[in-house]
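Report on the structure given below.
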There are 2 protein chains.
Amino acid sequence: MTFANVGTLGVKPGHRDDVVAILTRHNPQLAEAGCLQYEVGVDDEHPDTVFVTELWESAEAHRASLQLDSVRAAIAEAMPLLSGEMGGSQFTVVGSPLQG
Amino acid sequence: MTFANVGTLGVKPGHRDDVVAILTRHNPQLAEAGCLQYEVGVDDEHPDTVFVTELWESAEAHRASLQLDSVRAAIAEAMPLLSGEMGGSQFTVVGSPLQG
């Protein structure tokens, strides 16, 4: 079952683009680990927030990805730039109106 | 710029699957209107919530889609089943680690 992880990361003022750069750095290990989509975004009305929406082959694939060296390194690099405010949802995809 | 709309819809108890059925009904007008992705999901830990994550060609395409007859009809059909609790984020996609 496709698993979705959508969320917001609060960043320390002035560091949004640094966090975006870390999160969007090309990482071929993600697709190998079962990541189907990983979009990173911003909204100028919320300048201290980075938005992420991810789709994974399964919740297990997502959980396992957090142990990848590349992901752990990215988390360690981003952590000092984060405010600690986080939000989001995780859910199981059950359908789409785009499919017949 | 790809635009993302992610959110949660609170539903009246017992009506989650009815709302999922409305939202996942095949609607070819969405792709014509610039919808790139529209995933609907659930989480049994939150049985009175429906989750949605959408990608659109632009914020304008998303806004215009709300005027489509098919979308207005779906909103009118779902409205009596919703609790009124809603959450979510809208943002501009700036990149993905899946791309080189």
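Of interest is the spacing of the C-alpha centroids, which for the range B:43-60 and the range B:7-36 amounts to 9 Å.
Here the label points at A:A76 and B:M79, each 7 Å from Cα along the C-beta direction, are separated by 5.4 nm in the simple model.
Between identical copies, the spacing of A:L82 label points, each set 7 Å from Cα toward the C-beta atom, reads 3.1 nm from nearest to farthest. Couplings 3J(HN,Hα) of the range A:80-89, computed from phi: x, 9, 8, 7, x, 7, 9, x, x, 9 Hz, in residue order, whole Hz [Karplus 6.51 cos²θ - 1.76 cosθ + 1.60, θ = phi - 60°; x for Gly and Pro].
Kirkwood Rh and Cα-based Rg: tell me the resulting Rg over Rh for the range A:3-92, rounded to two decimals. List each step's numbers first, then the result.
Values: Rg = 12.7 Å, Rh = 13.3 Å.
Looking at the range A:3-92, the ratio lands at 0.95.
Taking the Cβ of B:K12 as the centre, find all other residues whose Cβ is under 13 Å away and add up their charges (Lys, Arg: +1; Asp, Glu: -1).
Values: positive: B:R16; negative: B:D17, B:D18, B:D48, B:E85.
After counting each charged neighbour, the total is -3.
Specify whether the C-alpha gyration tensor of the protein assembly as shown places it in the rounded, prolate or oblate class, a ≥ b ≥ c being the square roots of the eigenvalues: rounded for a/c under 1.5, otherwise prolate if a/b is larger than b/c and oblate if not.
Working: a/c = 1.76, a/b = 1.60, b/c = 1.10.
In terms of gyration-tensor shape, prolate.
Peptide B:34-47: average number of partner chain Cβ atoms within 10 Å per residue?
Counting Cβ atoms of other protein chains within 10 Å of each residue's Cβ and averaging gives 5.
Using only Cα atoms and rounding to the nearest 10 degrees, what angle (0 to 90) does helix B:69-78 make with the longest principal axis of chain B? The two axes meet at around 40 degrees.
Bear in mind these aren't lab numbers, they're just calculated from the coordinates by the rules spelled out. What you see is a predicted model; the values in this text were computed from it and never measured. Note that we place each Cβ from the backbone using ideal geometry, even for glycine, and neighbour counts take in every protein chain shown.
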